[in-house]
Amino acid sequence: MKDYKFKTIIEPFKIKVVEPIKMTTREERRKYLAEAGLNLFLVKSENVLIDLLTDSGTTAMSSDQWAGIMRGDESYAGAPSFYRLEKTIQELTGFSEVIPTHQGRASERIMFTALCEKGKKVVSNMLFDTTRANAEAAGLVTLDIPCAEFYHTMKPAPFKGNIDLDRLEDELKQNAKGVAMVVMTITNNSGGGQPVSMQNLKAVRDLCKKYGVVYTIDGCRFAENARFIKTREAGYENKSSREIAMEIFRLADITSISAKKDGMTNIGGLLAMNNKEWAQSCKNNLILTEGFITYGGLAGRDLEAMAIGFNESVDDEYLKYRLQSVNYVGQHLLELGYAIVNPPGGHAIYLDAKTILPHIREEQYPAQALTSALYEFAGIRGVEIGSVMFGRDSGDAGTGASANTKEIPHTQELVRLAIPRRVYTQAHMDYLLEAMSVFKGEISNIRGVRFTYKPKVLRHFTARFEWC
Ligand code: F0G
């Protein structure tokens, strides 16, 4: 009997629980936006139609995970939920020591403070902002050395998340003792959700071994990275994404993971490694700030949801749908003539605001302006990844609009549309695409923005703006 392979990719799940979306008018959104000082972090989520602020912690959990939540054991010490999580992570990563934390940045803080000597360097394909902030807070110096393809935003290449191996070897040759660790972020979130190839990950392992440097994987989106390897790298087409993920982790010395992404949970994180001395140092730090070693700042039910989520995310049927549905949005935006980081990332589409809004000068924050305009126009909430998030104020960061004069801008002005896992259907994405199509006619009317309140640190969360 012929088993037809249909082209239509369906969401590989049924929906059992629904959460209503409140419809709003453009007039209402204009008001909400003004009240929020043109900062979408300050808009109430109930006033957002399609929320693409982040894919972190926004996952819809499965019926198995919700069943697991009822099974969660809330004992302070030795809960079976922890041992189920430990076993899942041991099998997946090959690491014997599994340390739960409440989320990724807690893992990062513990890892950097417990294992790295102040003054040393952390070298990476690209650190995520909390990872960089935690490394710097622990007295470390950070260095990003993405591959050459990374800099060609709109030119497709299969593995734009790779590290520049020549520059890495130069760093290690010059002073390997000065490098605390090499961190490979898979996929590269700050750089367009782009994957790293197995070849690159292996070459980093070889260099770390040769120069005696610790090799860390920031594995937040390890499953999406594994699926990209399966579909793009020769020799991996017949392996499952789970097998590829297992191979990736076994290259490294330690992994730091936020379970809020490919762990498929609403909260949670972990550290995993083989070195028992490192684990002991991390556990001592964990007890001080997060909680006992078998719960690490989480409820037992969260550990249970993680134990199940980490297995669900490497399912190839799910991953096929996941990557193709994000790609669907990306390809249609390209057809509409939008400049995006190309190819589309695993978890998000990144709009290039400088190209989309050529009439807005860099000092007027084109990505912030685009994010605000898109919300007002269609109720879609993305996030600015540009000079508001990463720019620096060279002088004293005052609070008035005049503080703009001392700005050092970031090189890229992107708007990230991050797609939560298993939350939106194709109809939601078709709404987004229709809105983006009509929005094109409005683009030349969008004005730049200026700060009315500029906080000194992590300013994108609480800054306020007005239209120029
Ligand atoms: N590493 C990467 C690559 C991340 O993307 C994130 C979070 C973290 C570490 C920190 O994990 O949030 O659990 O503390 N990224 C979220 C985002 C916030 O929206 O991209 P966390």
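The values are calculated or read from the model by the stated rules, or taken from the named source; none is laboratory data. What you see is a predicted model, and the numbers here were worked out from it, not measured in a lab. FYI the Cβ positions are ideal-geometry reconstructions off the backbone, even for glycines, and counts take in every protein chain you see.
Determine whether region 329-336 contains at least one residue that is outside the structural domain of Gly441 (by TED's automatic domain parsing), surrounded by fewer than 21 Cβ atoms within 10 Å (Cβ to Cβ) and either of a type in the set (S, T, N, Q) or at pLDDT 95 or above (or both). I'd like the intermediate steps shown before the answer.
Applying the first criterion (outside the structural domain of Gly441 (by TED's automatic domain parsing)) to region 329-336 yields none.
Scanning region 329-336, I find no residue that is outside the structural domain of Gly441 (by TED's automatic domain parsing), surrounded by fewer than 21 Cβ atoms within 10 Å (Cβ to Cβ) and either of a type in the set (S, T, N, Q) or at pLDDT 95 or above (or both), so the answer is no.
Can you confirm whether region 255-273 contains a residue that is touching a residue at least 24 places away in the same chain (Cβ under 8 Å), away from the ligand (no atom under 14 Å from the Cβ) and in the same structural domain as Pro195 (by TED's automatic domain parsing)? Break it down into steps so the answer makes sense when it comes.
So the first thing to find is which residues in region 255-273 are touching a residue at least 24 places away in the same chain (Cβ under 8 Å), and the list is 255-273.
Checking which are away from the ligand (no atom under 14 Å from the Cβ) leaves us with 272-273.
Filter again for in the same structural domain as Pro195 (by TED's automatic domain parsing), leaving 272-273.
Looking for residues that are touching a residue at least 24 places away in the same chain (Cβ under 8 Å), away from the ligand (no atom under 14 Å from the Cβ) and in the same structural domain as Pro195 (by TED's automatic domain parsing), one finds at least one in region 255-273, hence yes.
Take the conditions surrounded by 14 or more Cβ atoms within 10 Å (Cβ to Cβ), farther than 22 Å from Leu433 by Cα and within 24 Å of the chain's Cα centre (by Cα) and apply them to Ile89. Does it pass?
Taking the combined requirement at face value, the residue satisfies it.
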For this session: Kindly check whether there is at least one residue in region 254-268 that is of a type in the set (A, V, I, L, M, F, W, C), part of a loop (DSSP other than H, G, I, E, B) and out of contact with any Lys or Arg (no Cβ under 9 Å at 6 or more places or on another chain).
Result: yes
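Test of understanding: among Glu233, Glu224, Glu243, which residue is assigned by TED's automatic domain parsing to the domain that holds Asn134 and touching a His at 6+ places or on another chain (Cβ under 8 Å)? Full working, then the answer.
Details: Glu233 fails: touching a His at 6+ places or on another chain (Cβ under 8 Å); Glu243 fails: touching a His at 6+ places or on another chain (Cβ under 8 Å).
Testing whether each residue is assigned by TED's automatic domain parsing to the domain that holds Asn134 and touching a His at 6+ places or on another chain (Cβ under 8 Å) leaves just Glu224.
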Exercise. Taking Val183, is it assigned to a strand (DSSP E or B), within 21 Å of the chain's Cα centre (by Cα), at pLDDT 95 or above and within 16 Å of the ligand (Cβ to nearest atom)?
Worked result: yes
For this session: Kindly indicate whether any position in region 371-381 is outside any helix (DSSP H, G or I), of a type in the set (Lys, Arg) and more than 29 Å from Phe222 (Cβ to Cβ).
Result: no
Exercise. Could you count how many residues in region 434-463 are surrounded by 18 or more Cβ atoms within 10 Å (Cβ to Cβ) and in a helix (DSSP H, G or I)?
Worked result: 4
Problem set entry | Pairs where the first residue, in region 202-214, is at positive phi and the second is surrounded by fewer than 20 Cβ atoms within 10 Å (Cβ to Cβ) and of a type outside the set (S, T, N, Q), C-beta under 9 Å, 6+ apart | Gly212/Ala176; Gly212/Lys177
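Out of contact with any Leu (no Cβ under 7 Å at 6 or more places or on another chain), over 24 Å from Asn284 (Cβ atoms) and either among the charged types (D, E, K, R) or within 16 Å of the ligand (Cβ to nearest atom) (or both): does that describe Thr88?
Values: out of contact with any Leu (no Cβ under 7 Å at 6 or more places or on another chain): yes; over 24 Å from Asn284 (Cβ atoms): yes; either among the charged types (D, E, K, R) or within 16 Å of the ligand (Cβ to nearest atom) (or both): no.
Against the criterion (out of contact with any Leu (no Cβ under 7 Å at 6 or more places or on another chain), over 24 Å from Asn284 (Cβ atoms) and either among the charged types (D, E, K, R) or within 16 Å of the ligand (Cβ to nearest atom) (or both)), Thr88 does not qualify.
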For this session: Could you grab me the full set of residues in region 391-411 that are closer than 25 Å to Thr54 by Cβ and either of a type in the set (Ser, Thr, Tyr) or modelled with pLDDT of 85 or more (or both)?
Result: Thr411
Exercise. Does region 188-196 contain at least one residue that is over 15 Å from the mean Cα position of the chain (by Cα) and touching a residue at least 12 places away in the same chain (Cβ under 8 Å)?
Worked result: no
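Report, by residue number, each residue of region 413-435 that is of a type in the set (Gly, Ala, Ser) and within 16 Å of the ligand (Cβ to nearest atom).
Residues of region 413-435 that are of a type in the set (Gly, Ala, Ser), as a first pass: 418, 427, 435.
Passing the criteria: only Ala418.
Please determine whether any residue of region 118-126 is within 16 Å of the ligand (Cβ to nearest atom) and in contact with a Gly (Cβ under 8 Å, 6 or more places away or on another chain). Full working, then the answer.
Initially, region 118-126 is screened for residues within 16 Å of the ligand (Cβ to nearest atom), giving 122-126.
Remaining after also requiring in contact with a Gly (Cβ under 8 Å, 6 or more places away or on another chain): 125-126.
Yes, because at least one residue in region 118-126 is within 16 Å of the ligand (Cβ to nearest atom) and in contact with a Gly (Cβ under 8 Å, 6 or more places away or on another chain).
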Seminar exercise, completed: Only one of Ala223, Ala234, Ala180, Ala203 is among the small types (Gly, Ala, Ser), buried (at least 20 other Cβ atoms within 10 Å of the Cβ) and farther than 14 Å from Lys121 by Cα, namely Ala223
For this session: Go through the residues of region 96-112 one by one and say whether even a single one is out of contact with any Asp or Glu (no Cβ under 6 Å at 6 or more places or on another chain), more than 16 Å from the ligand (Cβ to nearest atom) and of a type in the set (Phe, Trp, Tyr).
Result: no
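Quick one: in region 186-219, which of the residues that are part of a strand (DSSP E or B) and of a type outside the set (Val, Ile, Thr) is nearest to Glu117 (Cα to Cα)?
Filtering region 186-219 down to residues part of a strand (DSSP E or B) leaves 188, 194, 214-218.
With of a type outside the set (Val, Ile, Thr) added as a condition, the list becomes 188, 194, 215, 218.
Working: Asn188: 25, Gln194: 30, Tyr215: 15, Asp218: 19 Å.
Out of the qualifying residues, it is Tyr215.
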Problem set entry | Selection count, region 218-250, where residues are away from the ligand (no atom under 16 Å from the Cβ), of a type in the set (A, V, I, L, M) and touching a Phe, Trp or Tyr at 6+ places or on another chain (Cβ under 7 Å) | 2
Exercise. Out of region 170-200, which residues are of a type in the set (Ser, Thr, Tyr) and under 15 Å from Pro343 (Cα atoms)?
Worked result: Thr187, Ser190, Ser197
